[in-house]
Amino acid sequence: MFMLWSFLTKARCVDLGIQELSFKMQMHRFAVHVVTRSRKHPSPWIPCEYLFGHKNSETCKSWVELLSACTDGEHDRPKNLLVFVHPLCGKGRGRKNWEVVVPLFDRAKVNTKVITTERAGHAYDTIASLSDKELKKFDGVVAVGGDGLFNEILNGLLRSRHKTSYPPTPEGFRYVGSNETCQGYRNDGLSNSMPTSNTVNVMLPGSSNKSGDHEPLLSTAQSPELGTSSLNPNTEPSSGDQVPLVSFPNDWFRLGIIPSGSTDAIVLSTTGERDPVTSALLIILGRRMSLDIAQVVRWKSSPSAEILPTVCYAASFAGYGFYGEVIRESENFRWMGPARYDFSGTMVFLKHRSYEAKVAFLENRSADSLTASAENVANGVQPRQKRPRKTICRTSCSVCKETSAAGQNSADDVPDSSRAICENPKWVWSKGRFLSVGAAVISCRNERAPDGLVAEAHLSDGFLHLLLIRDCPLPLYLWHLTQFTKKGSDPLTFKFVEHHKTKAFTFISPHDESVWNLDGELFQASEVSVQACRGLVSLFASGPEV
């Protein structure tokens with residue numbers, strides 16, 4: 001008995017289940033299913049089985065009961081899961097991967113309700129239609145597919161259940177309303193026209209007046225601490241047979257991914273392993289980690305459209321310009337599989353289109369550094385690009401655990417003289433023509449970009465990494481893009497690249513066909529606001545270095 005537990009501890013193995021075996025011989029045996037690391041097997045973590053026995057059957061039964069009590073006492077382990085399988089993603093890998101891992105869930109006595117998606121939006125519609133009573137029957141939802149399927153599940157859960165204020169509004173607008181209906185009007189003296197050159201403007205604060213039962217939306221005059229509010233379903237008061245409301249964040253519901261997509265950036269940026277068996281074992285063991293989510297509010301789908309706020313969520317990346325056009329082009333070449341991104345990316349790159357836009361982001365610097373930058377801009381001095389030392393997010397990351405205070409981490413200086421400090425020192429404008437505008441919630445690692453878009457991005461620190469790529473010659477842009485493919489390089493040191501660590505930003509474009517890429521899904525919007533929701537959801541995982 002001591003040797004058994006000593007071995008499990010030293011090998012960092014955890015038993016999945018216990019099965020008593022009877023033999024015709026005098027020896028009575030039982031099997032212990034464990035998880036262990038493997039250097040020879042393609043999967044980093046693998047299940048294995050060890051047989052133990054004793055000639056006395058009662059002794060074997062007592063061991064089985066003791067070990068079963070230990071596993072049953074681990075309350076983080078899921079008992080019931082809702083599983084969505086994308087049969088066509090990654091050239092049919094979704095269905096094959098699920099067939100490989102389903103015996104693991106059966107052996108660990110995890111009940112799974114499996115739904116095979118039949119169309120785009122199937123997972124979203126199913127999750128959104130679940131009542132709170134139905135949702136509370138599950139310990140989590142598992143996506144057997146790519147980042148797109150995970151995005152569907154995420155939005156199906158959060159759009160109606162995440163209770164928080166909107167992020168700050170685009171310049172010149174005021175919105176009053178709830179998350180479902182809003183009203184807006186123009187401020188006097190402001191025009192919808194875009195500047196033809198890089199100029200300095202000031203973002204006006206939004207309305208702070210309440211109207212009827214509507215609460216005011218978060219305005220630029222409010223505190224930059226953009227926390228999310230939620231109701232714990234376990235403490236929500238209820239009367240009679242009323243089911244407590246399910247809202248996010250909470251401390252019980254988790255999401256899981258069994259990677260089967262083309263890029264699987266979320267898995268590679270969180271667990272660090274693009275392996276279905278390892279991912280399934282992490283889900284079974286019930287380890288949890290918090291994950292920031294970007295809330296994206298589309299105020300207008302095009303410059304001429306009416307103001308109609310629409311809320312979406314992204315777990316990895318929101319990108320405009322080059323990133324959005326690549327996704328739009330790739331939809332015509334799905335039959336090519338993962339190669340469609342290379343083909344579409346080449347086509348969009350050769351077009352070399354830039355887009356007129358203006359972005360305002362929440363500053364994340366101390367008062368001293370703000371003053372110094374303001375003086376440099378006023379004197380016509382172009383600040384040098386400064387890149388802080390990378391702090392890579394690891395298991396039990398201290399950065400993610402600490403509360404992010406305003407001005408604790410300094411943002412990068414921007415090598416562009418058009419950038420100016422607004423009257424409200426917490427907000428900064430950046431205007432001109434951009435090849436792309438992107439916001440990374442996580443590092444966004446994938447096989448083509450081993451360090452991701454932003455290597456030092458953290459999983460739960462409450463910040464976005466805003467990347468503004470200004471118009472530049474085609475060879476320089478190619479040089480910038482190729483740096484993402486090299487491990488250890490820094491593609492954000494170019495003078496035409498702006499990198500800001502921020503909690504929120506707003507975006508306005510006069511382009512009639514402005515397309516965003518939200519976790520690989522198309523999202524048409526010309527005016528958006530984005531904010532980071534810290535630790536909004538939990539994943540079945542234990543960090544980049546499991």
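The values are calculated or read from the model by the stated rules, or taken from the named source; none is laboratory data. Keep in mind it's a predicted model, so treat the numbers as computed, not measured. All Cβ positions, even for glycine, are placed from backbone atoms using ideal geometry, and neighbour counts span all protein chains on display. The accessibility values were calculated without ligands, DNA or RNA, using every heavy atom of the protein model including side chains. Shrake-Rupley method; radii C 1.70, N 1.55, O 1.52, S 1.80 Å.
Does the stretch 470-484 contain at least one residue that is touching a Lys or Arg at 6+ places or on another chain (Cβ under 6 Å) and not acidic (Asp, Glu)? No, the stretch 470-484 has no match at all.
For Asp72, only one of the following conditions fails: (1) open to solvent by 30 Å² or more (accessible area, probe 1.4 Å); (2) without any contact (Cβ under 8 Å) to a residue 40 or more places away in the chain; (3) touching a helix residue (DSSP H, G or I) at 6+ places or on another chain (Cβ under 8 Å); (4) closer than 24 Å to Arg287 by Cβ. What is its number? Going through (1) open to solvent by 30 Å² or more (accessible area, probe 1.4 Å); (2) without any contact (Cβ under 8 Å) to a residue 40 or more places away in the chain; (3) touching a helix residue (DSSP H, G or I) at 6+ places or on another chain (Cβ under 8 Å); (4) closer than 24 Å to Arg287 by Cβ one by one, Asp72 breaks only (3).
Out of everything in the stretch 442-480 that is within 26 Å of Leu362 (Cα to Cα) and basic (Lys, Arg), what residue ends up being surrounded by the fewest Cβ atoms within 10 Å (Cβ to Cβ)?
Keep residues of the stretch 442-480 that are within 26 Å of Leu362 (Cα to Cα), which gives 442-445, 451-472, 480.
Among the residues that remain, those that are also basic (Lys, Arg) are: 445, 470.
On the way: Arg445: 26, Arg470: 22.
This residue is Arg470.
Taking residues in the stretch 333-357 that are within 27 Å of Pro303 (Cβ to Cβ), and partners anywhere that are open to solvent by 70 Å² or more (accessible area, probe 1.4 Å) and of a type in the set (Lys, Arg), the pairs with Cβ atoms closer than 7 Å and at least 6 places apart or on different chains are Ser354/Arg433; Tyr355/Arg433; Glu356/Arg433. If you go through the stretch 297-318 one residue at a time, do you hit one that is touching a residue at least 60 places away in the same chain (Cβ under 8 Å), closer than 19 Å to Val454 by Cβ and open to solvent by 10 Å² or more (accessible area, probe 1.4 Å)? Yes, some residue in the stretch 297-318 is touching a residue at least 60 places away in the same chain (Cβ under 8 Å), closer than 19 Å to Val454 by Cβ and open to solvent by 10 Å² or more (accessible area, probe 1.4 Å). Scanning the stretch 481-538 for residues that are assigned to a loop (DSSP other than H, G, I, E, B), open to solvent by less than 30 Å² (accessible area, probe 1.4 Å) and of a type in the set (S, T, N, Q) turns up Ser489, Ser509, Ser514, Ser526. Of note, Gly432 satisfies the criterion of being open to solvent by less than 10 Å² (accessible area, probe 1.4 Å), modelled with pLDDT under 95 and farther than 23 Å from Leu268 by Cα. Among the residues of the stretch 125-154, which ones are polar (S, T, N, Q), assigned to a helix (DSSP H, G or I) and surrounded by fewer than 23 Cβ atoms within 10 Å (Cβ to Cβ)? The answer is Thr126, Ser129.
Residue count for the stretch 223-266 under the criterion of being in a loop (DSSP other than H, G, I, E, B), open to solvent by less than 20 Å² (accessible area, probe 1.4 Å) and modelled with pLDDT of 60 or more: the result is 6.
Give Leu88, Leu81 a once-over and let me know the one that is at negative phi and out of contact with any Lys or Arg (no Cβ under 8 Å at 6 or more places or on another chain). Even if it seems obvious, please write down each step before you answer.
Numbers: Leu81 fails: out of contact with any Lys or Arg (no Cβ under 8 Å at 6 or more places or on another chain).
Residue meeting the stated conditions: Leu88.
What number of residues in the stretch 91-124 are open to solvent by less than 70 Å² (accessible area, probe 1.4 Å) and part of a helix (DSSP H, G or I)? Before you say what the answer is, go through the steps one by one.
Taking the stretch 91-124 first, the residues open to solvent by less than 70 Å² (accessible area, probe 1.4 Å) are 92, 94, 97-98, 101-105, 108, 110, 112, 114-117, 121-124.
The next check asks that each one be part of a helix (DSSP H, G or I); those that pass are 92, 94, 97-98, 101-105, 122-124.
Total satisfying the criteria: 12.
Out of all the residues in the stretch 36-64, which are of a type in the set (Asp, Glu) and either more than 22 Å from Leu104 (Cα to Cα) or under 30 Å from the mean Cα position of the chain (by Cα) (or both)? Reasoning before the result, please.
Just the residues of the stretch 36-64 that are of a type in the set (Asp, Glu), to begin with: 49, 58.
Matches in the stretch 36-64: Glu58 only.
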